[in-house]
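K.L.:
The following block contains the structure, expressed as structure tokens.
The values are calculated or read from the model by the stated rules, or taken from the named source; none is laboratory data. Not measured: the values here are computed from a predicted model. Glycine also receives a Cβ, built like all others from the backbone with ideal geometry; neighbour counts cover every protein chain displayed.
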Amino acid sequence: MNRLTTAHRVVVKVGSALLVDPAAGQANHAWLASMAADVARMRARGQQVLIVSSGSVALGRQRLGLGRRALTLPEKQAAAAAGQSLLMRAWEQAFEPHALTTAQILLTRDDTETRRRWLNARATVETLLELGATPVINENDTVVTEEIRYGDNDRLAARVAQMIGADMLVLLSDIDGLYTADPRSNPAAQHIPVVHEITPEIDAMAGGANSGAGVGTGGMATKLIAARIAGGAGCATLITIGSGEAPLKAAEEGARSTLFEPSTTPAAAYKQWIAGSLAPQGRVTVDAGAERALRSGKSLLPAGVRAVEGRFEKGDAVAIVGEDGREFARGLVRYDAGETERVQGVRSSQIEAILGYSGGPTLIHADDLALLHS
């Protein structure tokens, strides 16, 4: 069965060249309508879909009369500010016939690379999906500097897929996948349908950005970077042509594309990241009952905590130790050290009364906890 039809959570990246008619500087409403129909069909069969959408700068430059010349960073930010409302209006109009709600999320690189902001962004996306909304995500071009930019929405889409544990990333492109060379300049180039590992040989096959379209910043090289990021998080990547109407339906029905297989699963990659890539900022000692619960896949509740050490913040990694002092797990905490000390040993229902607010009933959710091998 087609991987796109069986994936539970799908991130779709839409570039400016697809969404905006560069000659008119306006949204391509017919294409957007077909894309919305694609998403509605996927939603109807139980899939969750997130859209990472370029287009605000391309729409804004027309609105501000900036023409097609190269823009300075302040001009790009001004164009993004002017074009963002047009971009969201175009998506909203496309989804309205299907009675689907869209929700705008603007991210900077810090939002997916700083743990506390990463947790907040992930919680927002998860809540939107639970409420049945379709998140439309873009880089927050109005505030970012060159130093904190993703640089292109291929990478942003991969970071979003990593953040929310997606199992499929679709990069809609101006080309139907990866070739052994750029087929626009080399007619002997051969299409590659499946990539099991991104090797130096695969990297060498990537060409440059689509300079002919006059919009967008990505190319096959950035798509391979995105596929590598997503694959490391357990997410498969599909590169396929997006210029035709209903591009996702076409991909489902066998349109030529390249599938990059992940080396692991999203859940396993996330747990490995927690266990092996983050330095613990503190220690939480738990009783024997809590240790048994954690080893069986449960979350850490405040009632099971016996001691708190360190000066950690919400979202930091902490070591979890048993009564014998041996570390057996690591996790991302949902309260800081002072708050954790104040609620240790109490029932979850008492958290709000003690702290004045509740960040949820768990100190460390099972999804954010990794058991360590002995």
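K.L.:
Which residues, counting only those in segment 244-270, are among the charged types (D, E, K, R) and within 18 Å of the chain's Cα centre (by Cα)?
P.N.:
If the condition is that a residue be among the charged types (D, E, K, R) and within 18 Å of the chain's Cα centre (by Cα), then 261 is the only one that fits.
K.L.:
Name the single residue that is farthest from residue 120 (Cα to Cα) among those in segment 341-366 being free of Cβ contacts under 8 Å to residues at least 24 places away in the same chain and either surrounded by 20 or more Cβ atoms within 10 Å (Cβ to Cβ) or of a type in the set (D, E, K, R) (or both).
P.N.:
342
K.L.:
Also: So, in segment 99-125, how many residues would count as being under 24 Å from residue 77 (Cα atoms) and of a type outside the set (A, V, I, L, M, F, W, C)?
P.N.:
As a first pass, look at segment 99-125 and keep what is under 24 Å from residue 77 (Cα atoms): 102-114, 117-118, 121.
With the extra rule that they be of a type outside the set (A, V, I, L, M, F, W, C), the set shrinks to 102, 104, 108-114, 117.
Residues flagged as under 24 Å from residue 77 (Cα atoms) and of a type outside the set (A, V, I, L, M, F, W, C) within segment 99-125 amount to 10.
K.L.:
Mind telling me which of the residues 288, 279, 268 ends up being closer than 19 Å to residue 345 by Cα, surrounded by fewer than 21 Cβ atoms within 10 Å (Cβ to Cβ) and not aromatic (Phe, Trp, Tyr)?
P.N.:
Exactly one of 288, 279, 268 is closer than 19 Å to residue 345 by Cα, surrounded by fewer than 21 Cβ atoms within 10 Å (Cβ to Cβ) and not aromatic (Phe, Trp, Tyr), namely 288.
K.L.:
Looking only at segment 198-217, which residues are assigned to a loop (DSSP other than H, G, I, E, B), modelled with pLDDT of 85 or more and over 15 Å from residue 239 (Cα atoms)?
P.N.:
The one that is assigned to a loop (DSSP other than H, G, I, E, B), modelled with pLDDT of 85 or more and over 15 Å from residue 239 (Cα atoms): 199.
K.L.:
For segment 328-340, check the following and say yes or no: at least one residue is in a helix (DSSP H, G or I) and either without any contact (Cβ under 8 Å) to a residue 12 or more places away in the chain or charged (D, E, K, R) (or both). Working first, answer last.
P.N.:
At the first step, the residues of segment 328-340 found to be in a helix (DSSP H, G or I) are 337-340.
Subsequent filtering for residues that are either without any contact (Cβ under 8 Å) to a residue 12 or more places away in the chain or charged (D, E, K, R) (or both) retains 338-339.
Yes; the residues of segment 328-340 include at least one that is in a helix (DSSP H, G or I) and either without any contact (Cβ under 8 Å) to a residue 12 or more places away in the chain or charged (D, E, K, R) (or both).
K.L.:
While we're on this one: Which count do you get for residues in segment 153-186 that are in a loop (DSSP other than H, G, I, E, B) and closer than 13 Å to residue 51 by Cβ?
P.N.:
Residues that pass the stated criteria total 1.
K.L.:
Moving on to the next point. Being modelled with pLDDT of 90 or more, assigned by TED's automatic domain parsing to the domain that holds residue 12 and out of contact with any strand residue (DSSP E or B) (no Cβ under 6 Å at 6 or more places or on another chain) narrows it down to one of 157, 188, 166, so name that one.
P.N.:
Only one candidate passes the filter, namely 188.
K.L.:
Enumerate the pairs (first residue in segment 219-248 and touching a residue at least 40 places away in the same chain (Cβ under 8 Å) and surrounded by fewer than 24 Cβ atoms within 10 Å (Cβ to Cβ); second residue anywhere and among the aliphatic types (A, V, I, L, M) and in a helix (DSSP H, G or I)) with beta-carbon separation below 6 Å, excluding pairs fewer than 6 apart on the same chain, so at least 6 apart or on different chains.
P.N.:
Between residues of segment 219-248 that are touching a residue at least 40 places away in the same chain (Cβ under 8 Å) and surrounded by fewer than 24 Cβ atoms within 10 Å (Cβ to Cβ) and residues that are among the aliphatic types (A, V, I, L, M) and in a helix (DSSP H, G or I), the close pairs are 229/158; 234/269; 240/251.
K.L.:
Of 317, 275, 288, 267, which residue is out of contact with any Phe, Trp or Tyr (no Cβ under 8 Å at 6 or more places or on another chain) and at pLDDT 95 or above?
P.N.:
Among 317, 275, 288, 267, only 288 is out of contact with any Phe, Trp or Tyr (no Cβ under 8 Å at 6 or more places or on another chain) and at pLDDT 95 or above.
K.L.:
Another question, if that's okay. I'd like the full set of residues that are over 25 Å from residue 219 (Cα atoms) and either without any contact (Cβ under 8 Å) to a residue 60 or more places away in the chain or of a type outside the set (Lys, Arg) (or both), limited to segment 34-74.
P.N.:
Within segment 34-74, 37, 40, 42, 44, 45, 46, 47, 48, 63, 64, 65 qualify.
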